[in-house]
Amino acid sequence: MSASPTPDVSTPAPRLHGMDRLRHFWQRVSEGRQIDDLWSQFAADARSSYGFYGRDVDWEEIRKLPRWRQPLHVARQFFWALLLKMTAARRVLLLVALVLLVASGFELQIGKSVILNLKFELFAALLFLLLLSLELADKVTMKRDLEIAREIQTWLVPSQPPEVTGANIAFATRPQNSVAGDYYDAFYPDPEDREKLMVVIADVAGKSVPAALLMATLQASLRTIAGEKASLAELVARLNRYACAHSLNGLRFTTAVLSEYNPASRTLTYVNAGHNAPILRRASGAVETLETGGLPLGIRNAANYETASLELNPGDALIFFTDGVVEAFNESGEEFGNERWLAAIRSLPDWDASQTLQFLMKRVDEFVGATRQSDDITCLVFRSR
């Protein structure tokens, strides 16, 4: 006699009760972050927004007013700065919502016995919610487009450093927005010839999409000219002529350090085109800066650029960086500055390039804290072994 089959009874999913639902809701909204972390993020966002809208405030004119009148004028100019950044239709929507909100609570007496209470809070709230959803939709769409642009931009810079005889390289970049105007590169112009390595760092004036587009054209031009086996002096001159042709009368210039490294002789030849001078920390602890060069690319078509050479010895560390590193500021508005950066470089342990890069970036992060960065940050470390 065969046993009857056991019915397949699936176990129902446990149902969430009151506190569990509330906890689940909070975890989903807060992404599991602690209150201190959320507050730090809010404070950073608030400071960033204040700086963004504050650029449209005429502070000099406000300082001329009596102190008691200043807050009202600041609030008014902040309101106009916010309002004028919206489309015309959304401005009207915001003003209607504000009028409804202000009108709520008023009482109108009709005759002797009829009192009409005006209650428009719900309508005002719905209009504010509609306005928020419209602005959020724009932001999400733009963010998606910027993420695609960011992905394309990552194709233009190396994901892994090249192998170099007697040296190693590490680099890191942090865009202020999704895309950046900073550029770094390390490549052999001729993959079959390992006698010349190009090491480059550059910073296009401006931020976000316009700077990123010019960065892409700079990368393409550099790779093309370098592939033609042009000398460093000729490469810089041709890049400058190209930059001048697309600089909008000098408004879109580019600072850069372009260098060639010969692994056999350990010789580095470079040109500094108006960029933050790379810092060479010798194994002995002595510090040198690489300043020889000329104007930023795109300023003057006939600019002259000088080249200089130096020899890298085992244990030397050469640090390339953009101005976003030294101009990073903390919540008090204090800049990290050249002195702190130089002190961090002087105190470098005898590590490889990757560990050296982590050491330096940690010093910047510890100083900045939770403050949102105001510029693109890029650093490239070349460590001789």
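The values are calculated or read from the model by the stated rules, or taken from the named source; none is laboratory data. In this text the structure is predicted, and so the values were computed from the model without any measurement. Neighbour counts run over all protein chains shown; Cβ positions are idealised from the backbone, glycine included. Remember, those area values only see protein heavy atoms, side chains included, never the ligands or the DNA or RNA. Shrake-Rupley method; radii C 1.70, N 1.55, O 1.52, S 1.80 Å.
Out of (1) in a helix (DSSP H, G or I); (2) open to solvent by 20 Å² or more (accessible area, probe 1.4 Å), what's the single condition that is false for L235?
That leaves (2) as the condition not met.
Among A328, A317, A302, which is out of contact with any Leu (no Cβ under 9 Å at 6 or more places or on another chain), surrounded by 15 or more Cβ atoms within 10 Å (Cβ to Cβ) and either among the hydrophobic types (A, V, I, L, M, F, W, C) or more than 23 Å from S48 (Cβ to Cβ) (or both)?
Criteria check complete, one pass: A328.
Taking into account only those residues within segment 109-125 that are open to solvent by 90 Å² or more (accessible area, probe 1.4 Å) and touching a strand residue (DSSP E or B) at 6+ places or on another chain (Cβ under 8 Å), which is modelled with the lowest pLDDT?
Filtering first and then ranking leaves I115.
Taking the conditions exactly as written (more than 22 Å from E234 (Cβ to Cβ) and either aromatic (F, W, Y) or open to solvent by 20 Å² or more (accessible area, probe 1.4 Å) (or both)), does E335 satisfy them or not?
Answer is yes for this residue.
Restricting to segment 126-147, give me the number of residues that are farther than 24 Å from R174 by Cα and among the hydroxyl-bearing types (S, T, Y).
1
Among (1) at pLDDT below 90; (2) open to solvent by 40 Å² or more (accessible area, probe 1.4 Å), which single condition is S178 missing?
Failing condition for S178: (2).
In segment 70-103, what residues are more than 24 Å from F120 (Cβ to Cβ), open to solvent by less than 60 Å² (accessible area, probe 1.4 Å) and either more than 27 Å from the chain's Cα centre (by Cα) or in contact (Cβ under 8 Å) with a residue 60 or more places away in the chain (or both)?
Of everything in segment 70-103, those that are more than 24 Å from F120 (Cβ to Cβ), open to solvent by less than 60 Å² (accessible area, probe 1.4 Å) and either more than 27 Å from the chain's Cα centre (by Cα) or in contact (Cβ under 8 Å) with a residue 60 or more places away in the chain (or both) turn out to be Q70, H73, V74, Q77.
Which is modelled with pLDDT of 95 or more and not polar (S, T, N, Q), of A328, A264, A303, A344?
Of the residues listed, the single one that is modelled with pLDDT of 95 or more and not polar (S, T, N, Q) is A344.
Sort out for me the helices (runs of 4 or more DSSP H) sitting completely within segment 306-381 that have 2 or more residues that are closer than 30 Å to L38 by Cα and aromatic (F, W, Y).
Passing ranges, in order: 353-368.
If you go through segment 259-293, how many residues are open to solvent by 30 Å² or more (accessible area, probe 1.4 Å) and either without any contact (Cβ under 8 Å) to a residue 12 or more places away in the chain or farther than 18 Å from A317 by Cβ (or both)?
9
From the list D36, D45, D8, exactly one residue is modelled with pLDDT under 85, within 29 Å of the chain's Cα centre (by Cα) and exposed (fewer than 10 other Cβ atoms within 10 Å of the Cβ). Which is it?
D36 is the lone residue from the list that is modelled with pLDDT under 85, within 29 Å of the chain's Cα centre (by Cα) and exposed (fewer than 10 other Cβ atoms within 10 Å of the Cβ).
Read through the list (1) among the hydroxyl-bearing types (S, T, Y); (2) surrounded by 19 or more Cβ atoms within 10 Å (Cβ to Cβ); (3) at pLDDT below 85, then give the number of the only condition that T141 fails.
(2)
Residue by residue through segment 272-296, note down the ones that are more than 26 Å from the chain's Cα centre (by Cα), part of a strand (DSSP E or B) and among the hydrophobic types (A, V, I, L, M, F, W, C).
V287
Among the residues of segment 186-209, is any buried (at least 18 other Cβ atoms within 10 Å of the Cβ) and assigned to a helix (DSSP H, G or I)?
Checking segment 186-209: not a single residue is buried (at least 18 other Cβ atoms within 10 Å of the Cβ) and assigned to a helix (DSSP H, G or I).
Restricting to segment 238-258, count the residues that are in contact with a Leu (Cβ under 9 Å, 6 or more places away or on another chain), crowded, with 16+ Cβ neighbours inside 10 Å and either farther than 17 Å from L213 by Cα or not β-branched (V, I, T) (or both).
Qualifying residue count, segment 238-258: 11.
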